[in-house]
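These notes are about the structure you will find just below.
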Amino acid sequence: MLVLVTTIMPSILILAAVILSDRFREPLKPILSTFFVGVFLCFPAGFLNSVFIWNQDAPEYYTFLAGVTEESLKFTAILLFVRNLTEFDEPMDAIVYGTLISLGFATLENFEYVFNSQGAAESMQVATLRAVTAIPLHACCGVIMGYFFGLYAFSGRQSYLLKSLFL
């Protein structure tokens, strides 16, 4: 039970902080649907990572590509899904929804890493390590991506769109 809590609690706490920091709170339905869009992105990311990374003779030299595929998929979701939400009506919303996508992704990915570990002790170690490294990193990427996407969406400046993807 403690492993399960350690696996999901970092995402919940970070999401709560971001959602509650929005002065004009988002409704529950788009919050949940956006989170689950992020969860769904694990499947194409896993496929792409298996093709680009694990299909190589020395995959340890290609692991940097995981960030390229994962963040590109998250960016595409913000561009195609979030931009079309009727609730997306201020720049802060992009930060909220970008973080939701990122942490939806991070939560399922975390389950994969934690519960594919060899034993209970190793699972707890993986969950604890990822709670202070991978989960906050995914959240930070979502915040940064969302920040620049929000600037782009409400100013129209293309440079913000490029920063949203590449930073």
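The values are calculated or read from the model by the stated rules, or taken from the named source; none is laboratory data. Please read these numbers as outputs of a predicted model, since none were measured by experiment. Note that each Cβ is placed from the backbone with ideal geometry, even for glycine, and that neighbours are counted across all protein chains shown. Heavy atoms of the whole protein, side chains included, go into the accessibility calculation; ligands, DNA and RNA do not. Shrake-Rupley method; radii C 1.70, N 1.55, O 1.52, S 1.80 Å.
Taking region 69-90 as the range and being touching a Cys at 6+ places or on another chain (Cβ under 8 Å) and farther than 18 Å from LEU32 by Cα as the test, only GLU71 passes. Just name the residue that is modelled with the lowest pLDDT out of those in region 53-72 that are in contact with a Phe, Trp or Tyr (Cβ under 7 Å, 6 or more places away or on another chain) and aliphatic (A, V, I, L, M). Filtering region 53-72 for residues that are in contact with a Phe, Trp or Tyr (Cβ under 7 Å, 6 or more places away or on another chain) and aliphatic (A, V, I, L, M), the one modelled with the lowest pLDDT comes out as ILE53.
Which residue pairs have Cβ atoms closer than 9 Å, lie 6 or more positions apart in sequence or on different chains, and pair a first residue in region 130-144 that is modelled with pLDDT under 95 with a second residue that is among the aliphatic types (A, V, I, L, M)? Cβ pairs passing all conditions: none.
Among the conditions (1) hydrophobic (A, V, I, L, M, F, W, C); (2) open to solvent by 60 Å² or more (accessible area, probe 1.4 Å); (3) touching a helix residue (DSSP H, G or I) at 6+ places or on another chain (Cβ under 6 Å); (4) free of Cβ contacts under 8 Å to residues at least 24 places away in the same chain, the only one that VAL126 does not satisfy is (2).
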